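J.: Just passing along the structure, written as C-alpha cells.
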Amino acid sequence: MIPAPFDYVAPSTVDEAVRALVDAGEDAKVIAGGQSLLPVLRMRLAAPTTLVDLGRIAELRGVREDGDALVIGSMTTHYDVQRDPLIGEHAALLARATDTVADPQVRHRGTFGGSIAHADPAGDLLAPALALDAEMLVAGPAGRRTVPAADFFDDFFTTAMSPEEILVEVRVPKHTGWHAHYEKFNRVAQAWSMVAVAATVRTEGGTIAEARVGLTNMASVPVRARGVEQALVGQAATPETIRAAAEHAAEGTNPTVDGNADVEYRQQLARVLTGRAISAAMAG
Amino acid sequence: MTSTAEPEVGRARLRKEDARLITGRTRWTDNMSLPGMVHLAVLRSTEAHAKIVSIDTSAAKEMPGVIAVLTGDDLDPGGQLGMPCAWPISPDMKSPRRPVLAQGQVNFAGEGVAVVVARSAAEAEDALASIDVEYDELPVVLGMENALAEDAPLVHEELGTNRNALWVFDSGEAGSGGDVEQAISEAEVVVKRRFRQQRLVPAFMEPRSCVVDPTAAQLTMWSATQVPHILKTMAALTLGIPEHKLRVIAPDVGGGFGGKIAVLPEEIMALLVAQKLGKPVKWTESRSESMVAAHHGRDQIQDLTIAARRDGTVTGLKVELLADMGAYLGLVGPGVPILGAFMFNAIYKIPAYHFACTNVFTNTTLTDAYRGAGRPEATFGIERIMDELAAELGMEPLELREKNWIKHEEFPYTTVSTLTYDSGNYEAATEKAKQLFDYDGLRREQRERRERGDPVQLGIGISTFTEMCGLAPSRVLGSLDYGAGGWEHSAIRMLPTGKVEVITGSSAHGQGHETAWSQIVSDQLGIPFEDIEVLHGDTQSSHKGLDTYGSRSLAVGGIAVVKAAEKVVAKAKPLAAHMMECSEDDLEFAGGKFTVRGTDKSTTIQDVAFAAFMAHDLPEGMEPSLDAEAVFDPENFSFPHGTHLCAAEVDTETGRVALRSYVCVDDVGSVVNPLIVEGQIHGGLAQGIAQALFEEAVHDESGTLTSGTFADYLLPSAADLPSFTTDRTETPSTTNPLGVKGVGEAGTIASTPAVVNAVIDAVRHFGVNDIEMPLTPMRVWQAIRTGASAAGGPGAEAGGGLGSIDSAQGGAR
C-alpha cells in the first residue's frame, strides 16, 4: 500500500495551480482532500507523475453570500459545510447530504469540491448539487468559465472539465425556507450510497409549489427525477400524493449492477427512498 | 505489605495492556528497525490457475535500491520445501506440496511468485511491476460441487482428484447412539435443508509481518503471529534449522481471530532470504495482500436432515458437509470442519447421529481457522434447522429446544458424539434471557405487525448454543490425529524485591492475558496486582508453550499458572517454617502470609522469597529458589453455553434488516475479569452478526477476489450494531480448579444463527424459509418477493466502493 513515486506541487494561487497542471502534462492529478485519490494511489490503480495539491490556496476555502446565491469554495471541507450557518439556512439539502458522508475523519479531510470533481456517481454531493441547480466555476489556461450542474457530469468519474482545469467554487442558488432531506441507503454506515435521494420542496399554504429531486447512483451520473417533481407540484403533501409521485422516481434511470444491487432492486430503492425523502423533508 | 483484602479474581479490572495497545505506542513487528535491515515485497499471482512459463526478473534487478529478486526456484532449487500441515485427518488424506513461492504453477490468485529485496519498502514495491511473469492459463476450479464433478479439471493434477479427504462419524458404528438412516426412515417428521457457510476473511487489524535477524546469536524471527512456539518448531522442521538455533518472538500482535494460526510461506521465505544475504529482513503485507494471501475461514455447504416425532422429540440428525480447503492445506485447515463433528448435536439429546465431511480443493485462497473454527458452522446448522423443524411442527421454537435439551440435573452428560459435558444449566440461561428480552412482549408485537400488514415486520431469532473449547486434552487430540498435544505451560519467577514475573506459553494478541494472569497470581500468592509482570510470546523467556487459539488460554494456560503458583507456595513453606522456627504443619498460607496457626507470628511470601535469594540460612537440602513451573493438560474440554435472543426488524419495501435488540445470557463458568469477558462477548457478537448480515469473500469466475478491500468486504462498525444486552449465569466447570470455561469464541459461535433465525422469522409468512448469508437487503427483498429461498446476488462483483473505481479514470479530478 505504498503509492508509486510522483512529484508534488503545492501552489498558493489558482493561477499557479493551473500553470502547474499545464506544466506537468496529462499525467498530473489534482489532490484536494485526498479521500478518494489516496486509496487509489496506494492500491496503485493510478500512478500520476505529479500531484497538484490545492490545500494551500486560501481563496478556495469558505462559504459566502453573493446576492441570491451562496458561493462555496471547492476546498471547503465537508465538516465546514455541515456546520456553515449560511448553508443551513439557504441550502439545507447540502448540509443534510453532507451529514451522511463517510465518517467524521473523512469529513474533516474531504472537500465539497473534491467530491464534485471526482464525479463518483455513488458520491453524496452530486445529486444535491444537481437538484439545487448549482453552477461550477472552473479555471483553466483559457481563463474561467461557468458550467451548470446539468452539463457538468459526463460519465463515471468524468466531468466537463479538461485535465488542465480545476474547480474553483460552486454557486448554489438560495433555497431559503425549502424543506430538505437526503435519504441514503447503504449496507454499513461508512459505505458509499447504493442509492440515495436528495429532495427539497417549497410549500405555499398546504400545497407543494416547487420540488427538486436528485438521485444518487441511479446512472453513471447524478440524475433529476423530473417525473416526481412534476407530479408533486400543485399537490397537497399527503402520504398518497407523495407515494404516487415517488412511483415516477425510477423513470429513465439506468443504474449499474453490482453485488449489492441489480437494476430492478435499485429502481425499487429509488421509488421507496424518494417517497421517504419527500415525507421526511416535509416533516423536517 | 499490601495484602489483597478482596479477591482479584472476579474484579472488573481495566486492562494493564490497554494504554499501549490502544495508543499504538508499543512494539509491533512492523515498527521494528534493525541495523542494515532490508525490505521484502512479494509479487503475487494475478491468475488463479496457470502454469508459469517464465519469470523475467532482469528489469526489476536494475530498479533503484533493489538488492535481489528471487523466485521459488532460487530459494528452493530442489523443490523440496513444503509448508506444514499439522492435522492429517485421515490416513489417505491428499496433501499437495505448498511451496514457499510458486514453482512451475500457481494455484490461487494471490499466491507468491517472486520476492524483491530492496533497501526500502517503497523501492521493493516499486520493483514488483518490473517483474515479467508469463502464464499459461489452466481451467479454474471454483465451487465445491463443480470441483467434485466427474470431469472437473484438477487443482493439483498429481493428486488425481480434488477430494482432499473424507471424515466420518457415525453413532451407530461408534456405539454412542442409534442408526441414523433407521431413525430417518421411521420418523414421523423429516426436515432437510441445505445451508451455505459463506467464505469469510479474518480481517485482523494488524496485517501480517515478520522480521528476521540472522546476525543475532540465535537466528531470531519476530512475527505478528498467534503461535510463536508452534512457529519455532515448525520452521525448524521445515527448513532443517536446529531448533535450539532459532528464537521466535511474537511482540504485541494486533488481533488474529485464528487468521494468525499459521506457518506462513512468507515467514519461511524471510528466514531463507535473511540467511542467504546475511542481513536482517522485514516483510510486512499490505491490506490488499492480506485479503488474498492470508487464509480465509468458513466456506462450507451443509446438508442437514433432522428426524423427529410429531411431539417434537428429535430422533436423528444427519450432517453431510462439503468444506472448501482452497488450493492448499493450512496448518490445521483440514481439521477445522471436523471440530464441528462434535457440535452439531449441540445441547440436545439426539439418539442417532451421522456426520460426514468431504474436504475439497479449489483454486482459491486456502481456508483455515477463523474465530470458532468449525463450531460456528455446526452451531449455525443445528440452530437453523431447529427453527425449521419448529416451523414444520407448528411448535414454538424455544419449546422445541427445551423439549430436547439436556436438563441441568443430567450433567455430566455424554453426548451422541462422545463428548462428556461437565456442567451447564440451559434452563437458567434461557429463563434469564427471556426476561431481559421481553420475549412474550415481542412475540405479541410480532403478531400485531403481521396482522396489520406493517411494512416493517418483526422477527425473533433464538440460538441456544454450546461449544467445546479450551483446546484440548492431549489424548483427544491424539485420537483425532492432530500433530501436537493440548497442554500449556507456565512459570513463576519470585524476584528478590518481592516482585513477580509470570511466564506463560499462551501468546496474547489482544485478549488481556497480562491482566487476567496478574489477577490469578495475585490471589494465589497474595502479591499485589501491580507487582506482577506477565511475560509471553518470546521463545527465549517463554520457552515452552502451545500458544493461543480455541478459547484455550484461561481454561488451559490459566490453570498452568495456578499450578505453578501452588508449587511456589509449596516450595516457600519449608523455608517459612525454618524462618519462624516452627513445623510446616503449623503453617497456614493466606493473603500472601504464612502464619503460625494460633499465633500472630507471620512472614510474607516476599520475605520468604528474599530469604531464598540470600540463601544464607536455608533448611537442609533446599535449593535456593522459590521459582516453579507447571504444565497443565486438561482432562476435558470446557463447554460454555448460553441463550442468545435477537429481535430483527425487516423493512419489507427495501429488505433492510435492523437489529432492534440483542440479548445474550452466557455461561462461561467462573469469571476472572468480567470486563474482559464483556469485551470478548461484544467483539464476538459483532463478528458473528457480521457473518449473518455483512461479510462475504466473493470470487469472480476467473478466481479473482472481488471483495478485496474493506470498501467491498463490509465490516460493521458500532453504528451498524445494536446496543447489546449481556448477562451471565455461572455454572462452574468441574474439570479445572478455577471453574472457568472459554469465552473467546462464544459470541461469534452463538450469534450468527440468532440473527438469521430472526430475519427468517420476520418474513416466514411470505413463504420464506431460508436466505443465504450474508442477508443483504437485496437478498431479503428478493426472498420476500419470490416467497422462496433467495439465491445469491446477480453477479460475482463486489458492490460499490473502491471496487467500482475505474482504474483508468480513478482519482480526484
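Yes/no matrix, rows are residues, columns are (1) at pLDDT below 95; (2) open to solvent by 10 Å² or more (accessible area, probe 1.4 Å); (3) under 23 Å from residue B:639 (Cα atoms):
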{"residue": "B:304", "(1), (2), (3)": "no, no, no"}
{"residue": "B:308", "(1), (2), (3)": "no, no, no"}
{"residue": "B:311", "(1), (2), (3)": "no, yes, no"}
{"residue": "B:325", "(1), (2), (3)": "no, no, no"}
{"residue": "B:336", "(1), (2), (3)": "no, yes, yes"}
{"residue": "B:341", "(1), (2), (3)": "no, no, yes"}
{"residue": "B:352", "(1), (2), (3)": "no, no, yes"}
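J.: Tell me which residues, restricted to the range A:249-264, are away from chain B (no Cβ under 14 Å) and either among the charged types (D, E, K, R) or open to solvent by 50 Å² or more (accessible area, probe 1.4 Å) (or both).
T.: A:251, A:252, A:254, listed by residue number.
J.: Another one. Which ones in the range A:140-195 are of a type outside the set (D, E, K, R), away from chain B (no Cβ under 14 Å) and in contact with a His (Cβ under 7 Å, 6 or more places away or on another chain)?
T.: Correct list: A:175, A:176.
J.: Among (1) surrounded by fewer than 17 Cβ atoms within 10 Å (Cβ to Cβ); (2) at pLDDT 95 or above; (3) within 14 Å of chain B (Cβ to nearest Cβ), which single condition is residue A:103 missing?
T.: (2)
J.: While we're here: For the subset of the range A:265-284 comprising residues that are of a type in the set (Ser, Thr, Tyr) and either open to solvent by 10 Å² or more (accessible area, probe 1.4 Å) or at the interface with chain B (Cβ under 9 Å from one of its Cβ atoms) (or both), which member is farthest from residue A:229 (Cα to Cα)?
T.: From the range A:265-284, those of a type in the set (Ser, Thr, Tyr) are A:265, A:274, A:279; that's our starting set.
Restricting the remaining residues to those that are either open to solvent by 10 Å² or more (accessible area, probe 1.4 Å) or at the interface with chain B (Cβ under 9 Å from one of its Cβ atoms) (or both) gives A:265, A:279.
Numbers: A:265: 22, A:279: 14 Å.
This residue is A:265.
J.: Continuing with this model, one more query. Give the number of residues within the range B:653-671 that are within 14 Å of chain A (Cβ to nearest Cβ) and open to solvent by less than 10 Å² (accessible area, probe 1.4 Å).
T.: If we filter the range B:653-671 for residues that are within 14 Å of chain A (Cβ to nearest Cβ), which is where we start, we get B:653-659.
Imposing the further condition that a residue be open to solvent by less than 10 Å² (accessible area, probe 1.4 Å) reduces the set to B:654-655.
Residues meeting the conditions: 2.
J.: Quick check on my filter: what residues within the range B:180-202 are of a type outside the set (Val, Ile, Thr) and touching an Asp or Glu at 6+ places or on another chain (Cβ under 8 Å)? Show your work before the answer.
T.: So the first thing to find is which residues in the range B:180-202 are of a type outside the set (Val, Ile, Thr), and the list is B:181-183, B:185-188, B:192-200, B:202.
Matches in the range B:180-202: B:192, B:193, B:194, B:195, B:196, B:197, B:198, B:199, B:200.
J.: Can you run down the residue pairs with Cβ atoms below 6 Å, 6 or more apart or on separate chains, where the first is in the range B:338-364 and closer than 28 Å to residue B:699 by Cβ and the partner is of a type in the set (Phe, Trp, Tyr)?
T.: If the second residue must be of a type in the set (Phe, Trp, Tyr), the pairs left are B:338/B:167; B:341/B:169; B:341/B:355; B:355/B:169; B:357/B:167; B:363/B:108; B:364/B:108.
J.: Confirm whether residue B:567 is assigned to a helix (DSSP H, G or I) and touching a residue at least 60 places away in the same chain (Cβ under 8 Å). Show your work before the answer.
T.: Details: assigned to a helix (DSSP H, G or I): yes; touching a residue at least 60 places away in the same chain (Cβ under 8 Å): yes.
When the stated conditions are applied, residue B:567 passes them.
J.: For residue B:369, indicate whether it is assigned by TED's automatic domain parsing to the domain that holds residue B:758, among the hydrophobic types (A, V, I, L, M, F, W, C) and either in contact with a Cys (Cβ under 9 Å, 6 or more places away or on another chain) or crowded, with 24+ Cβ neighbours inside 10 Å (or both). Steps first, answer last, please.
T.: Values: assigned by TED's automatic domain parsing to the domain that holds residue B:758: yes; among the hydrophobic types (A, V, I, L, M, F, W, C): yes; either in contact with a Cys (Cβ under 9 Å, 6 or more places away or on another chain) or crowded, with 24+ Cβ neighbours inside 10 Å (or both): yes.
Spelling it out, residue B:369 is indeed assigned by TED's automatic domain parsing to the domain that holds residue B:758, among the hydrophobic types (A, V, I, L, M, F, W, C) and either in contact with a Cys (Cβ under 9 Å, 6 or more places away or on another chain) or crowded, with 24+ Cβ neighbours inside 10 Å (or both).
J.: Here's a follow-up. When you go through B:604, B:595 one by one, which is the residue that is touching a residue at least 24 places away in the same chain (Cβ under 8 Å), open to solvent by less than 40 Å² (accessible area, probe 1.4 Å) and either of a type in the set (Val, Ile, Thr) or more than 30 Å from residue B:335 (Cα to Cα) (or both)? Let's see the steps before the verdict.
T.: Numbers: B:595 fails: touching a residue at least 24 places away in the same chain (Cβ under 8 Å).
Matching residue, one of B:604, B:595: B:604.
J.: Name every residue in the range B:688-703 that is away from every other protein chain (no Cβ under 13 Å) and over 16 Å from residue B:779 (Cβ atoms), in order of residue number. Let's see the steps before the verdict.
T.: First, pick out the residues of the range B:688-703 that are away from every other protein chain (no Cβ under 13 Å): B:688, B:691, B:701-703.
Result: B:688, B:701, B:702, B:703.
J.: Continuing with the same structure: May I ask you to list the residues in the range B:437-480 that are in contact with a Leu (Cβ under 8 Å, 6 or more places away or on another chain) and in a helix (DSSP H, G or I)?
T.: Once the filter is applied, which keeps residues that are in contact with a Leu (Cβ under 8 Å, 6 or more places away or on another chain) and in a helix (DSSP H, G or I), the range B:437-480 yields B:437, B:439, B:442, B:445, B:446, B:449, B:477.
J.: Of the residues A:249, A:219, A:209, A:244, only one is within 18 Å of residue A:277 (Cβ to Cβ), among the hydrophobic types (A, V, I, L, M, F, W, C), modelled with pLDDT of 95 or more and touching a helix residue (DSSP H, G or I) at 6+ places or on another chain (Cβ under 6 Å); which? Reasoning before the result, please.
T.: Values: A:219 fails: touching a helix residue (DSSP H, G or I) at 6+ places or on another chain (Cβ under 6 Å); A:209 fails: touching a helix residue (DSSP H, G or I) at 6+ places or on another chain (Cβ under 6 Å); A:244 fails: touching a helix residue (DSSP H, G or I) at 6+ places or on another chain (Cβ under 6 Å).
Just a single option satisfies the conditions, and that option is A:249.
J.: Also, I was wondering about something else. Among B:120, B:95, which is the only one that is closer than 23 Å to residue B:199 by Cβ, of a type outside the set (A, V, I, L, M, F, W, C) and in contact with a Gly (Cβ under 9 Å, 6 or more places away or on another chain)?
T.: Matching residue, one of B:120, B:95: B:95.
J.: Taking the stated definitions as given, is residue B:675 in a helix (DSSP H, G or I) and surrounded by 20 or more Cβ atoms within 10 Å (Cβ to Cβ)?
T.: Values: in a helix (DSSP H, G or I): yes; surrounded by 20 or more Cβ atoms within 10 Å (Cβ to Cβ): no.
Criteria not met by residue B:675.
J.: Just a yes or no: is a residue in the range B:311-321 in a helix (DSSP H, G or I) and not aromatic (Phe, Trp, Tyr)?
T.: no
J.: With the condition kept exactly as written, say whether any residue in the range B:206-219 is of a type in the set (Asp, Glu), open to solvent by less than 40 Å² (accessible area, probe 1.4 Å) and more than 14 Å from chain A (Cβ to nearest Cβ). Before you say what the answer is, go through the steps one by one.
T.: We begin by selecting, within the range B:206-219, every residue of a type in the set (Asp, Glu); these are B:206, B:213.
Then drop every residue that is not open to solvent by less than 40 Å² (accessible area, probe 1.4 Å), which leaves B:206, B:213.
If we keep only those that are more than 14 Å from chain A (Cβ to nearest Cβ) as well, we get B:213.
Within the range B:206-219, one or more residues are of a type in the set (Asp, Glu), open to solvent by less than 40 Å² (accessible area, probe 1.4 Å) and more than 14 Å from chain A (Cβ to nearest Cβ).
J.: Among the residues of the range B:133-147, which ones are open to solvent by 50 Å² or more (accessible area, probe 1.4 Å) and farther than 30 Å from residue B:69 by Cα?
T.: B:145, B:146 - these are the residues of the range B:133-147 that are open to solvent by 50 Å² or more (accessible area, probe 1.4 Å) and farther than 30 Å from residue B:69 by Cα.
J.: Something else about it: Got a number for residues in the range A:7-48 being in a loop (DSSP other than H, G, I, E, B), modelled with pLDDT of 95 or more and away from every other protein chain (no Cβ under 11 Å)?
T.: 4
J.: Checking the condition among the aliphatic types (A, V, I, L, M), more than 14 Å from chain B (Cβ to nearest Cβ), touching a residue at least 60 places away in the same chain (Cβ under 8 Å) and closer than 15 Å to residue A:169 by Cα, which residue from A:129, A:92, A:134 passes?
T.: Values: A:92 fails: closer than 15 Å to residue A:169 by Cα; A:134 fails: touching a residue at least 60 places away in the same chain (Cβ under 8 Å).
The match here is A:129.
J.: Continuing with the same structure: Taking the range B:710-751 only, how many residues are closer than 21 Å to residue B:429 by Cα and among the small types (Gly, Ala, Ser)?
T.: 9
J.: Next up: Among strands (runs of 3 or more DSSP E) lying entirely in the range A:141-208, which contain 2 or more residues that are open to solvent by 70 Å² or more (accessible area, probe 1.4 Å)? Spell out the reasoning first.
T.: Working: elements: A:143-148, A:153-155, A:166-173, A:179-185, A:195-204.
Filter on the range A:141-208 gives A:143-148.
J.: Can you tell me how many residues within the range B:542-590 are within 22 Å of the chain's Cα centre (by Cα) and among the basic types (Lys, Arg)?
T.: 2
J.: If you don't mind, another one. Regarding residue B:150, is this residue outside the structural domain of residue B:57 (by TED's automatic domain parsing), assigned to a loop (DSSP other than H, G, I, E, B) and out of contact with any Gly (no Cβ under 6 Å at 6 or more places or on another chain)? Steps first, answer last, please.
T.: Numbers: outside the structural domain of residue B:57 (by TED's automatic domain parsing): yes; assigned to a loop (DSSP other than H, G, I, E, B): yes; out of contact with any Gly (no Cβ under 6 Å at 6 or more places or on another chain): yes.
Against the criterion (outside the structural domain of residue B:57 (by TED's automatic domain parsing), assigned to a loop (DSSP other than H, G, I, E, B) and out of contact with any Gly (no Cβ under 6 Å at 6 or more places or on another chain)), residue B:150 qualifies.
The values are calculated or read from the model by the stated rules, or taken from the named source; none is laboratory data. Worth saying up front: this structure is predicted, and the values here are computed from it rather than measured. So basically every Cβ, Gly included, is an ideal-geometry build from the backbone, and we count neighbours across all protein chains shown. For accessibility, only protein heavy atoms count, side chains too; no ligands or nucleic acids. Shrake-Rupley method; radii C 1.70, N 1.55, O 1.52, S 1.80 Å.
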